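Beneath this line is the structure, given in C-alpha cells, with notes to follow.
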Amino acid sequence: MSLSDSDSFSYVPDHKTFKQITRERLLHEMLRSTKTGDSKSTWKVLIMDKLTVKIMSHSCKMADITDEAVSLVEDIYKRRQPLPTMDAIYFIQPTRENVIMFLSDMSGKKPLYRKAFVFFSSTISRDLLMDIKKDARALSRLGALREMNLEYFPIDSQGFITYNERALEVLFGNEENNHKGVACLDEMAKRIATVFASLREFPSVRFRAAKSLDATTMTTFRDLIPTRLAAGVWDCVMKYKKSIPNFPQTETCELLILDRSIDQIAPVIHEWTYDAMCHDLLNMEGNKYVYEVPGKSGGPPERKEVLLEDHDPIWLELRHAHIADASERLHEKMTNFISKNKAAQIQQGTRGSGEMSTRDIQKMVQALPQYSEQIDKLSLHVEIAGKINRIIRESGLRELGQLEQDLVFGDATMKDVIKFFTMKEDISRENKLRLLMILASVYPEKFEGEKGLNLMKVAKLTEEDMNLVQNLRMFGVQPDTKKSLTASFGLRFDIRKKKRAARKERPGEEEKWQLSRFYPILEELIEKLTKDDLSKEDYPCLNDPSPSYHGTPVSAHATPNPHSMRSRRTGSWARPRASEDGYSSDSVLRHTSSDFRRLGQRIFVFIVGGATRSELRVCHKLTGKLKREIILGSTSMDDPAQFLTKLKVMTTHELSLDDLQI
C-alpha cells in the first residue's frame, strides 16, 4: 500500500496523444494495477462519485472498463448490495463525505467488499488521511491507497475542460462575490494542475495581466482573474514537483492563461466548419447526434444515436473542413465507392449513364449488405451535411455570415446592419442577438443612450434581449458612471479601441472558401508566443524559466528541439489519398501509429469562461504549422446558444442555467 501518485507510472511513449495518455492512466495505472496477488483473476466492482464518473466517461468506454475485469459500476452515494467475496475499486474525490462513505463500507465485522483499492482524483488532506489510518479494520482491508491526480475532462485529442460551467456567472457577473469567485478559481487551479501531474510536465506560466485605463482606476476582481488563476496553478504544480516521483525539476512546456475578455466575437460568430456547424445548427447533446432510419418491414422510423468523435474516421478527416468542402468531399467519397466496387456497379446497372446525385447514390448502395459498415458511415455524414446545408439555405445564413465577417474586418457599418434587419424580418432572435454582439464589439458607441433604444426597435427585440448585449461590458471596462443615469440603455465598452475592424486581414492566408477568413484572436496570441513576440508587459511570466529551459519555438523547417519528446499524428485537416476501395477515410485511423512526427515542447492554453470550436480548430491547425503540440483547456466548451444562455444568467441570479432557453 502506498499513498503517492503511482510510482509505477513512467513517461508514456512518444506516439501517445493527450487523450490517450489520460485513458491509459485510468485503465492501466488504476484499474489494471489492482490485478495483484489474490486479486489477480477476480472480477471487481468500480465505485465512483458524480465527478469521477464524468472523468471516466470522457476517456473510456464501458467495454474498456469491462476488459479490465470490472463487472459492476456503482455510485458511492446509492444503496449498494453487499458483495463480500468481491474486491472493490474506489475512484473518488478526496472529500470528507466520500471518505466517510468509504469507511462505512469497509469498517465493521461485515464489510461490503472483501478488499478495497482506493484511488483519489486529487490530493487528499492530512486530516482525512489520518481518519483512514485510524480505522484499523478498514486499513487492514486496503489493497491500495493512491492519489491519481487526474481531475480534468478530455474532450478531444488536444482539448480538455474543468467543468466549471458557472464560471462566467460567478467570476464576471454583476454582483462580485469574492468568496464564491475565489473558491471557483481554487477548484479550477487544482484541476488544471492535475493535467501537468498526469503528463509529467512542468510549465512556464504566463497570463493576461490586469489593465487599468489610468492611475485613478481601481483594479477589479474581474481584471485579476488570470493573475489569481496563474498563482493557484503554480502553487499546485510546485507541490507536485516536490511530491511526485520523476516529476521534472525544470520547465518542459508553456502555459498561457487567458479569459473570455480576449475575444468577445469568437463565441457568437457563425463558424463555417463541419464540426462547428453540427454543434451550432443541429441541437446536439454534446457529441451525440440523434437521427431516424426507416423501420424494418415498413414499420415506424427508428431513432438512432451516434457519437461524432475521434473513432469515426470520416469525422476525424472532415471536422475542421469548411462545410462546402466537407460536402464536396463526401460526394466524392460516395462516387468513388460506387466506381471502385464492382458489385456496386452491377447494382447500379448503368455504369456509363452519367453522374448520379448523392441522394440517388446513397439510396442505391444501401441495398448492398456486404458494404453496410462503410456505407452506413458515409450515409450518416451525407445526411448530416445535407441537413446542415438545408438549414443554411432556409435560414439565409450565407448573407448573415457575410455581414458578420464584413463587420469583423471593417467592410460593413451600422447602416448595413440596419438595412439587413429591415430587409430580413424573418431572421431568428438568436441570430439578431449574435449580429448585434459583433456590432457592439466593433462600434461600442452605437449602443449608448437613444442609439441603443433605436437599434432595439429596428431589430424588434425587447429590453431584456438587449441586456444580453449590455452584459458584454463585463468582459471589458465598467460602464461610465459619470454619464447621465437617466439614459434607458447606456453601455460603454473598451474605449481604447480605435479601429473599426476587430480583425486584420492575415497576409498569406488563402481564402479558398467563402466565409472562411474569420479567425479567433487566440491564433494570433499562440503564434506570437512561439515567436517570443508576445508582450511581456501584457502577458508576464509568473516564473522565470531556468537557464536549461528549451522553450524556444521550433520553426516549420528547423530541426525540433532534441530535448523534447513530443509527437503527433498527421493533421486531420489534410486531405488523405484515396484508398483502393474508394473509402479513403479509414486511412486516417489506420496509419495513426506510423504517421507521427517529432514535435517541440507542448503549449497549453487555458481560457476562463468557455472556449469555442474555432479556438479548438486553431490549436489543431497550429500544431501542424508550428510543429508544437498545442492543447486547449477551458472551464467549458460552449456553442453559441450555450454562451448566450450563460451571458443572460450573469445578471439573472435568481434563475439557473436549466431555467433559461435561448
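The values are calculated or read from the model by the stated rules, or taken from the named source; none is laboratory data. Just so it is clear, the structure is predicted and the values come from calculations on it, not from any experiment. Cβ placement follows ideal geometry from the backbone for every residue including glycine, while neighbour counts extend to all protein chains displayed. Calculation scope for accessible area: heavy atoms of the full protein, side chains included, ligands and nucleic acids excluded. Shrake-Rupley method; radii C 1.70, N 1.55, O 1.52, S 1.80 Å.
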Polar (S, T, N, Q) and at pLDDT below 95, is that true of Asn149? no
Counting only strands (runs of 3 or more DSSP E) entirely within region 78-193, those with at least 2 residues that are in contact (Cβ under 8 Å) with a residue 24 or more places away in the chain, more than 30 Å from Arg613 (Cα to Cα) and open to solvent by less than 10 Å² (accessible area, probe 1.4 Å) are 83-92, 113-120, 142-147
Okay, strands (runs of 3 or more DSSP E) sitting entirely in region 247-345 with 3 or more residues that are open to solvent by less than 20 Å² (accessible area, probe 1.4 Å) and either touching a strand residue (DSSP E or B) at 6+ places or on another chain (Cβ under 9 Å) or among the charged types (D, E, K, R) (or both), I get 253-259
For Asp280, state whether it is among the acidic types (Asp, Glu) and within 28 Å of Met474 (Cβ to Cβ).
yes
**Message:** Tell me yes or no: at least one residue of region 363-381 is farther than 30 Å from Val469 by Cα, touching a Phe, Trp or Tyr at 6+ places or on another chain (Cβ under 7 Å) and modelled with pLDDT under 65.
**Reply:** yes
Across region 614-637, the tally of residues that are open to solvent by 10 Å² or more (accessible area, probe 1.4 Å) and in a loop (DSSP other than H, G, I, E, B) stands at 1
Requiring at least 3 residues that are open to solvent by less than 20 Å² (accessible area, probe 1.4 Å) and at pLDDT below 95, the helices (runs of 4 or more DSSP H) wholly within region 403-467 are 429-442, 450-459
Of (1) modelled with pLDDT of 95 or more; (2) open to solvent by 10 Å² or more (accessible area, probe 1.4 Å), Thr592 satisfies every one except (1)
Thr481 meets each of (1) modelled with pLDDT under 80; (2) surrounded by 17 or more Cβ atoms within 10 Å (Cβ to Cβ) with one exception, condition (2)
message = Could you go through region 195-209 and let me know if any residue there is in a loop (DSSP other than H, G, I, E, B), more than 22 Å from Ser121 (Cβ to Cβ), open to solvent by 40 Å² or more (accessible area, probe 1.4 Å) and at pLDDT below 95.
response = no
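Here is a yes/no grid of residues against (1) touching a residue at least 24 places away in the same chain (Cβ under 8 Å); (2) among the charged types (D, E, K, R); (3) more than 13 Å from Leu380 (Cα to Cα):
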| residue | (1), (2), (3) |
| --- | --- |
| Glu302 | no, yes, yes |
| Glu309 | no, yes, yes |
| Asp312 | yes, yes, no |
| Arg329 | yes, yes, yes |
| Ile338 | yes, no, yes |
Per the list (1) part of a loop (DSSP other than H, G, I, E, B); (2) open to solvent by 30 Å² or more (accessible area, probe 1.4 Å); (3) at pLDDT 80 or above, residue check on Ala558 breaks on (3)
Considering region 56-76, residues that are under 21 Å from Ala116 (Cβ atoms) and of a type in the set (Asp, Glu), and then whichever is least open to solvent (accessible area, probe 1.4 Å), we arrive at Glu68
Subset of region 498-544, residues open to solvent by less than 60 Å² (accessible area, probe 1.4 Å) and at pLDDT below 80, comes to Ala501, Ala502, Arg506, Trp513
Could you tell me whether any residue of region 227-243 is β-branched (Val, Ile, Thr), closer than 17 Å to Thr635 by Cα and open to solvent by 10 Å² or more (accessible area, probe 1.4 Å)? yes
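Okay, residues lined up against (1) touching a residue at least 60 places away in the same chain (Cβ under 8 Å); (2) aliphatic (A, V, I, L, M); (3) closer than 30 Å to Asn336 by Cα:
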| site | (1), (2), (3) |
| --- | --- |
| Ser395 | no, no, no |
| Gly401 | yes, no, no |
| Gly410 | yes, no, no |
| Met437 | yes, yes, no |
| Lys457 | no, no, no |
Subset of region 44-55, residues open to solvent by less than 40 Å² (accessible area, probe 1.4 Å) and β-branched (Val, Ile, Thr), comes to Val45, Ile47, Thr52, Ile55
message: Among the residues of region 46-69, are any among the hydroxyl-bearing types (Ser, Thr, Tyr), over 25 Å from the mean Cα position of the chain (by Cα) and not in a helix (DSSP H, G or I)?
response: no
With the first residue restricted to region 418-433 and required to be closer than 13 Å to Leu397 by Cα and in contact (Cβ under 8 Å) with a residue 40 or more places away in the chain, and the second required to be surrounded by 15 or more Cβ atoms within 10 Å (Cβ to Cβ) and of a type outside the set (Gly, Ala, Ser), Cβ contacts under 9 Å at 6 or more apart or on different chains are Glu430/Pro640; Glu430/Leu644; Glu430/Ile662
